[in-house]
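What follows is one structure encoded as structure tokens, with my remarks underneath.
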Amino acid sequence: MEPAVKEYTYKDFANDQEVRWCPGCDDYVILRSVQKALPEIGVKKEDVVFISGIGCSSRFPYYMDTYGMHSIHGRAPAIASGVKLANPQLSVWVITGDGDSMAIGGNHFIHVLRRNINLNIILFNNEIYGLTKGQFSPTSRVGQKTKSSPYGNTQPPFSPGELALGAQARFFARIGGNSPKEMTDIFIQAEKFKGTSLVEVLQNCVIFNDGCFVKYTDKSVREDKQLFVEHGKPMVFGKNRDKGLVLNGLKLEVATIGENGITQEDLLVHDAREKDPTMHQMLVRLEYPLVTGIIRSFNDVTLEEMEDALTAQVREKSSFKKADDLFFSGEIYEVKGE
Amino acid sequence: MVTEKIINNKRKLPPEVLKTVVIRFVGDSGDGMQLTGTQFSDTSAMFGNDVATFPNYPSEIRAPQGSLYGVSGFQVHIGSVEVSTPGDNVDLLVAMNPAGLKTNLYAVKPGHTIIVDNDSFNKKNLEKAQYATNPLEDDSLENYRVIEVDMTTLTKEALKGIEGLDNKIISRSKNMFALGMVYWMYGRSKDHTIDFFNKKFKSKPHIIEANTKVLNAGYYFAETLELIPNAYSISPAKMAPGTYRIIMGNTATAWGFLAAAEKSGLELFLGSYPITPATDILHELVKHKHFGVKAFQAEDEIAGISSAIGASFAGDLAITTTSGPGLALKGEALGLAMMIELPLVVVNVQRGGPSTGLPTKTEQSDLFQAMYGRNGESPVIVIAASTPANCFDYAYQASKLALEHMTPVILLTDGYIANGSAPWKIKSIASLPEIKNHIIKEAKENWHPYERDEDTLARNWAIPGTPGLEHRVGGLEKDRNTGNVSHVPENHEIMTWTRAEKIKRVQNNIPNLATSFANQGDLLVIGWGGTFGSLYSAVKQLSEEGYKNIGLAHFNYINPLPKNTGEILSKFKKIIVCELNNGQFVNILRMNFSGIEFLPFNKIQGLPFANDELIEKFKLLAQ
Ligand SMILES: Cc1ncc(C[n+]2csc(CCOP(=O)(O)OP(=O)(O)O)c2C)c(N)n1
Ligand code: SF4
Ligand SMILES: [Mg+2]
């Protein structure tokens, strides 16, 4: 019988290594949220693997008392794919930054999403290169002044969600770096989801890009500026829970309950499980309100499942059980001694 | 139908006995030359000859019919004596069209035989082959013995009355007419090929019938009309008794990994991205899901090696396969594998470089890249296979060394041995050496992942899923006593030495260098990797001619070098290092053995060494 999974607390996933992020960095929040999520998931500690690339965010595995690899810049999705294909029993997590995943690792990022291997990717989006001390990244905004764009950035940014959905992501969630409770819950859902799940955390870098998300995430505006979506629930937001989304032609619009005859019933209900990503794309693109929560969670066959099924099929039909069967099959001939 | 000169030259003599013969079949891509050549070499191998073959495909996938660059060829070298290369010049050229004749005539030994399909020498094909006049009609082939046969017409005649054949099938089977003729000329049985038809076209009896008829027609045509001046006999070679098969280098490489996985009890993981000439290893391994092989075609070479690193971390026997430019892309990840000390095999099937270079040609110019193509002090094991069949052994050995020393291993092969084929005395799994590993299942107190085996310095291998051994690895330098990240200057120096010493100690686990023909004397011929066949046949020939003062030392282990290398070098007056590059191994030897003079002998034409050029050079130096 399988031994029951031990009752863990978040402390079981922390280790004795000194955490070296800048004080006040959202990376601490993400670390703690992951450590809190894991005990809830019910996975054994020895079965958990964190693979990261390079960046401030990618130091993450060093601080987890699980298996882990701090690898090379941008390649974590490919390494993690190998881990998972080698041993599908493992709970495999990818830790990556906006530069790591969408600049140098862009190719691996889109392909891992396309393949739908059962991995969890946490994307620390701080819209800057933290570790190399403040150059613009593929998510930095046009006009943003950084160390490598002193007169303002001229390269238009990616929206990670849009890119991910375009690459056929089956699971995409977005959450502010200062919402630990929701974040923990999203990590739990992401791990439970069968397939590649991508969680974008809007992570404040206090040193090189401080406040870049405040207009959405600051406690004073959060409820008015963010729409936290939940599957099956109407898309309502606002301090007074009186605003919501309606469809006007091919566009999403904000409507106020009680105005123009709008009632709760007129609001769109969030369907994260819909196969067609059109609505998810619209939600991802919306700037007001900024949509957070699990935007897409579409159940689909995973790569491992397809591979397993094929292997079983081939095994059943094949007469080759051992390498010798292959080596001594077909066109062989004997040479006799004199 | 048949030229007069030949009809009048009827054979009355018994077959002439030959030791070896080189035959080249050439024609249009669609003429089935690869199949024809393979059938001839398989049949000869089963008869007991030693054989070596080499294909020559056009680089265009669908080159225009009849064009010069659409010519496909297959060369077969068979012998009653040991045969170690596909041969340079040919004794018999079978040319199915003018383009084939034009592009291959250079290789025919003067006075030797050319068989042509006369029907294909029409105006259209002659123009495509850029012949101003028909070479069969002018005297440009004076120096050869030309046998003109109306193969297309004769094939059509042979197939009269078989239902369900269209023109395409008819014209496609004329290669079997040529094969039938060659079978008769060399006294070979048709049985193997007829068996082959029966298996291959099981569900298409009319195709079996058609091919068999044409094969027979060619055979009896050659016999009855006695149009061929000589028949030849090549007796079986003296080969070690056992069960054999003809194997291509790339297949042998793939099978070596299958064997290593089974022997080590690990699952095999391949992460790869297609590139000529390495792709056939991927093609082979994807077939073997029945052995649980996980073959992953990644989005690029970086993902290929990265996925393999992940699989190795998770406890698989992990490999990645590529060719020159692909190895360049893998460099950074290879450095990571070296740094985190995981077992990994990287196969580089070398091709002509630099950049895209000569993708379909052979070269040995990636040796420096394999040795040094990474940032930092980053030593890995480098070994090289030297024949199509021993690709099996070195793939096996690469896996064994990776697992026993916890390090990446680069296995170098090249286009020449990867695409060439030769008899392989099949090795059963039971006959192969044991493969140990460093997997640990339980933690002792204060355990850390960089604890080392005292003898080999290999670190232990704790695999995810093992309780109590949770740990982190990474590309950052780590403390030698705890495995944690460390920037301490002395520690870095000691770790650098340790990683170097670990590779050095592999010397204790590899065989000594051997010499053949002479173990001391005037000239030592040195080679490494895929040039073995060429060097071996040249030195052997000289030894038979009486040059007992020339020895051959061929290297399969390059980093580290075999322990006794210096000792062997010291026994010869002159040393020549032969390589298909601009001088790489020679410089590695110079670095390791200062004070010894090494003469370089290099060829950088995308071609293997030719026998003549080696003989001439060696003779000169051995005087
Ligand atoms: C091959 C390579 N190129 C460049 C670098 C330098 N580098 C390290 S991290 C980084 C950017 C990291 O940005 P991001 O992924 O956004 O992570 P963050 O530090 O912001 O968490 C760069 C350019 C490297 N380590 N390796
Ligand atoms: S530089 Fe920015 S992202 Fe990096 S640790 Fe400091 S605050 Fe965090
Ligand atoms: Mg960043």
What is the distance, in nm, between label points placed 7 Å from the Cα along the Cα-to-Cβ direction at B:Thr360 and at A:Ser329? 3.1 nm
Each residue of the stretch B:463-469 in order: what ³J(HN,Hα) in whole Hz does its phi give by Karplus 6.51 cos²θ - 1.76 cosθ + 1.60, θ = phi - 60°, with x for Gly and Pro? 9, x, x, 8, x, x, 10
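When the accessible area of the stretch B:439-509 is split by element with a 1.4 Å probe, what percent falls to carbon and sulfur?
Its accessible area is 48 percent carbon and sulfur atoms.
How big is the dipole moment of chain B about its Cα centre under a simple scheme where the beta carbon of each Lys and Arg is +1, that of each Asp and Glu is -1, and everything else is neutral? Debye, nearest 20, please.
820 debye
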Amide H within-cut-off set for B:Ile440, under 5 Å, with H built and near neighbours excluded: B:Trp461, B:Ala462, B:Ile463
Taking chain A as the reference, fit the longest principal axis to its C-alpha atoms, fit the long axis of helix A:76-86 to the helix C-alpha atoms, and give the angle between the two in degrees, 0 to 90, nearest 10. 40 degrees
Residues whose modelled amide H sits under 5 Å from the amide H of B:Phe598, counting only those 5 or more places away in sequence or on another chain, are none
Taking both sides together, what accessible area is buried at the B/A interface, probe 1.4 Å, expressed in Å² and rounded to the nearest 100? 5200 Å²
Evaluate the relative contact order of chain A (contact order divided by residue number), counting alpha-carbon pairs under 8 angstrom at least 6 apart; express in whole percent. 14 percent
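State the antiparallel share, in %, of DSSP beta bridges confined to the protein assembly as shown, rounding to the nearest 5.
35 percent
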Over the stretch B:245-428, with neighbouring protein chains present, the accessible area per residue in Å² at probe 1.4 Å is 22 Å²
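Roughly how many debye, to the nearest 20, is the charge dipole of the stretch B:5-233 about its Cα centre, given +1 on each Lys and Arg Cβ, -1 on each Asp and Glu Cβ, and no other charges?
For the stretch B:5-233, the charge dipole is close to 400 debye.
Counting only heavy atoms of the protein chains, get the accessible area per residue of the stretch A:118-186 (1.4 Å probe) and round it to a whole Å² value. If you can, show how the numbers build up before the last one.
Values: 2780 Å² over 69 residues.
In whole numbers, the stretch A:118-186 has 40 Å² accessible per residue.
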Between the Cα axis of helix A:303-317 and the main Cα principal axis of chain A, the angle (0 to 90°, nearest 10) is 20 degrees
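With an 8 Å Cα cut-off and a minimum separation of 6 or more residues, compute the relative contact order for the stretch B:5-233 in percent. If you can, show how the numbers build up before the last one.
Working: 436 pairs, mean separation 54.1, N = 229.
Value for the stretch B:5-233: 24 percent.
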Taking each residue in B:285-291, count the Cβ atoms of any other chain within 10 Å of its Cβ, then average. What number comes out? 6
Once the in-chain neighbours fewer than 8 apart are removed, the aspartates and glutamates whose Cα is under 20 Å from A:Lys243 read A:Asp218, A:Glu223, A:Asp224, A:Glu230, A:Glu253, A:Glu259, A:Glu265, A:Asp266, A:Asp271, A:Glu287
Which order do the peptides B:409-415, A:234-240, B:592-598 take when ranked by the mean count of other beta-carbon atoms within 10 Å per residue, highest first? B:409-415, A:234-240, B:592-598
Accessible surface, 1.4 Å probe, highest first, among residues A:Tyr28, B:Tyr220: B:Tyr220, A:Tyr28
Mind running the shape call on the stretch B:245-428? Use the C-alpha gyration tensor, a ≥ b ≥ c as the square roots of the eigenvalues: rounded below 1.5 for a/c, prolate if a/b tops b/c, oblate otherwise. rounded
Nearest-20 debye value, the stretch B:245-428 charge dipole, Cβ charges on Lys, Arg, Asp, Glu: 540 debye
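Across peptide A:232-243, what mean number of C-beta atoms from other chains lies inside 10 Å of a residue's C-beta?
Mean shielding by partner chains, rounded to a whole number: 0.
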Taking Cα centroids, how far is the stretch B:309-369 from the stretch A:48-124 in Å? 22 Å
Whose amide H sits under 5 Å from the amide H of A:Met69, counting only residues 5 or more places off or on another chain, with H placed in the peptide plane? A:Phe50, A:Ile51, A:Ser52, B:Val473
Paramagnetic reach from B:Lys124 in the stretch B:44-75 [backbone N under 18 Å; point 7 Å along Cα→Cβ]: B:63-71
Zone residues, the stretch B:537-572, relative to B:Leu620, backbone N less than 18 Å from point 7 Å out along Cα-to-Cβ: B:538-539, B:542, B:550
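Given a Förster distance of 25 angstrom, what is the FRET efficiency for B:Glu434 paired with B:Asn564, based on the Cβ-Cβ distance and rounded to 0.05?
Working from the Cβ atoms, E equals 0.55.
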Rounded to whole Hz and in sequence order, give me ³J(HN,Hα) for the stretch B:111-119 from the Karplus expression 6.51 cos²θ - 1.76 cosθ + 1.60, θ = phi - 60°, writing x for Gly and Pro. x, 9, 9, 10, 9, 10, 7, 4, 4
Could you compute how much accessible surface B:Leu620 exposes when probed at 1.4 Å, giving the result in Å² to the nearest 10? 130 Å²
Considering the options B:Ser235, B:Thr53, B:Val349, tell which one lies farthest towards the positive end of the dipole of chain B, charges being +1 on Lys and Arg and -1 on Asp and Glu at the Cβ, about the Cα centre. B:Ser235
Evaluate peptide B:458-468: per residue, the Cβ atoms of other protein chains within 10 Å of its Cβ; return the mean as an integer. 4
Set B:Lys400/B:Lys427; A:Lys321/B:Lys202; A:Lys194/B:Lys289, cut-off 18 Å on Cα-Cα distance; pairs above it are A:Lys321/B:Lys202; A:Lys194/B:Lys289
Which pairs break 32 Å Cα to Cα here: A:Lys84/B:Lys199; B:Lys168/B:Lys190; B:Lys109/B:Lys573; B:Lys361/B:Lys571; A:Lys133/A:Lys181; B:Lys19/B:Lys174? A:Lys84/B:Lys199; B:Lys109/B:Lys573; B:Lys361/B:Lys571
Rounded to 5, the percent of DSSP beta bridges in the stretch A:219-303 classed as antiparallel: 70 percent
If one takes the longest principal axis of the Cα atoms in chain A, at what angle in degrees, from 0 to 90 and to the nearest 10, does the Cα axis of helix A:180-192 lie? 30 degrees
Within the stretch B:121-150: backbone nitrogen closer than 11 Å to the B:Gln65 label point (7 Å, Cα to C-beta): B:125
Each residue of the stretch B:546-558 in order: what ³J(HN,Hα) in whole Hz does its phi give by Karplus 6.51 cos²θ - 1.76 cosθ + 1.60, θ = phi - 60°, with x for Gly and Pro? x, 7, 8, 9, 10, x, 10, 10, 10, 9, 10, 10, 10
Accessible area in the full protein assembly, largest first, 1.4 Å probe, for A:Val301, B:Val349: A:Val301, B:Val349
In Å², nearest 10: area of B:Thr276 left accessible to a 1.4 Å probe: 70 Å²
Mind running the shape call on chain A? Use the C-alpha gyration tensor, a ≥ b ≥ c as the square roots of the eigenvalues: rounded below 1.5 for a/c, prolate if a/b tops b/c, oblate otherwise. prolate
On the formula 1/(1 + (r/R0)^6), with r taken between the Cβ atoms of B:Asp453 and A:Ser318 and R0 of 35 Å, the FRET efficiency rounded to 0.05 is 0.40
Can you tell me which of B:447-453, A:142-148 comes out highest on packing, and rank the rest after it, using the mean Cβ neighbours within 10 Å? B:447-453, A:142-148
Classify the stretch B:515-622 from the C-alpha gyration tensor, please: rounded if a/c falls under 1.5, else prolate or oblate depending on whether a/b exceeds b/c. oblate
Toward the positive end of the charge dipole of the protein assembly as shown, about the Cα centre and with charges on Cβ (Lys, Arg +1; Asp, Glu -1), which of B:Gly315, A:Val112, A:Thr96 goes farthest? B:Gly315
Residue-level accessible surface for A:Ile257, protein heavy atoms, 1.4 Å, Å²: 50 Å²
How many nm separate the modelled label positions at A:Glu230 and B:Lys504, each set 7 Å beyond the Cα in the direction of the Cβ? 6.5 nm
Rounded to 5, percent antiparallel among DSSP beta bridges of the stretch B:56-181: 10 percent
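The values are calculated or read from the model by the stated rules, or taken from the named source; none is laboratory data. Here the structure is a predicted model, which is why all the values come from computation and not from measurement. Every residue, glycine among them, receives a Cβ derived from its backbone with ideal geometry; neighbour counts consider all protein chains shown. The area values use the complete protein model at the heavy-atom level, side chains included, leaving out ligands, DNA and RNA. Shrake-Rupley method; radii C 1.70, N 1.55, O 1.52, S 1.80 Å.
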